[in-house]
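Q: One structure is given below, represented as structure tokens, and several questions about it will come after.
The values are calculated or read from the model by the stated rules, or taken from the named source; none is laboratory data. Bear in mind that the values here come from a model prediction, so they are computed numbers and not experimental data. Note that each Cβ is placed from the backbone with ideal geometry, even for glycine, and that neighbours are counted across all protein chains shown.
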Amino acid sequence: MNKITMPTNVRPGLRALLILLACTCAGSACATEMVYVPVNPTFGGNPLNGPTLLNTAIATNNHTDPDAPDLSSLGAAAPQTPLQQFNAQLQQSILSRVAASATSSIIGTDGTLHPGIIQTGDFTIAVVDLGGGNLNITTTDKTTGAQTSFQVSQ
């Protein structure tokens, strides 16, 4: 078997070539100042981060104030079940149709209001001509006697 040997005079040149190649391939190191940029807009951060930070804080907050007042005693609405929400929407829809029906008997085909009295199950609506194109509309709750009145001009 033949053994290949390198001449001794090539090795120092190869070594120098490798060192020169390593120096040219290595990039120069660049360094800049480190600048702190806050995230929170309260401390100078981007204002667009505010809603994200607030939502994250609200989502992760599991603390309750033991001294907080009970809002249900103040008349705040309790969370409704889907059935209660459906019934409330149904009631609003029916009341809207009743109001539209009452309105159609007060308003003529030409869009003007006509004086008269309209009776519904719980309300009395009186339209009175005040003269000069002005009308007074009074709604009376039959059960409590409470009245609401306003004026419109034609």
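Q: Quick one: which of 99, 146, 59 is within 29 Å of the chain's Cα centre (by Cα) and free of Cβ contacts under 8 Å to residues at least 12 places away in the same chain?
A: 59
Q: Here's another thing I want to ask about it. I'd like the full set of residues that are at pLDDT 75 or above and of a type in the set (Gly, Ala, Ser), limited to the stretch 109-131.
A: Selection gives 116, 121, 126, 131.
Q: Related question: Tell me, yes or no, whether the stretch 77-96 has at least one residue that is assigned to a loop (DSSP other than H, G, I, E, B) and at pLDDT below 75.
A: There is at least one residue in the stretch 77-96 that is assigned to a loop (DSSP other than H, G, I, E, B) and at pLDDT below 75.
Q: I'm trying to understand the selection: among the residues of the stretch 101-113, which are loosely packed, with under 12 Cβ neighbours inside 10 Å and in contact with a His (Cβ under 7 Å, 6 or more places away or on another chain)?
A: Hit for the stretch 101-113 is 108, nothing else.
Q: Starting from residues that are among the small types (Gly, Ala, Ser) and within 19 Å of residue 103 (Cβ to Cβ), keep the ones in the stretch 114-132 and report whichever is surrounded by the most Cβ atoms within 10 Å (Cβ to Cβ).
A: Among them, the one singled out is 126.
Q: Let me ask another. Filter the stretch 140-154 for residues that are β-branched (Val, Ile, Thr) and touching an Asp or Glu at 6+ places or on another chain (Cβ under 9 Å); which is surrounded by the fewest Cβ atoms within 10 Å (Cβ to Cβ)?
A: Looking at residues that are β-branched (Val, Ile, Thr) and touching an Asp or Glu at 6+ places or on another chain (Cβ under 9 Å), I get 143.
Q: Please specify each residue of the stretch 120-136 satisfying the condition of being closer than 24 Å to residue 94 by Cβ and either assigned to a loop (DSSP other than H, G, I, E, B) or in contact (Cβ under 8 Å) with a residue 24 or more places away in the chain (or both).
A: 120, 121, 122
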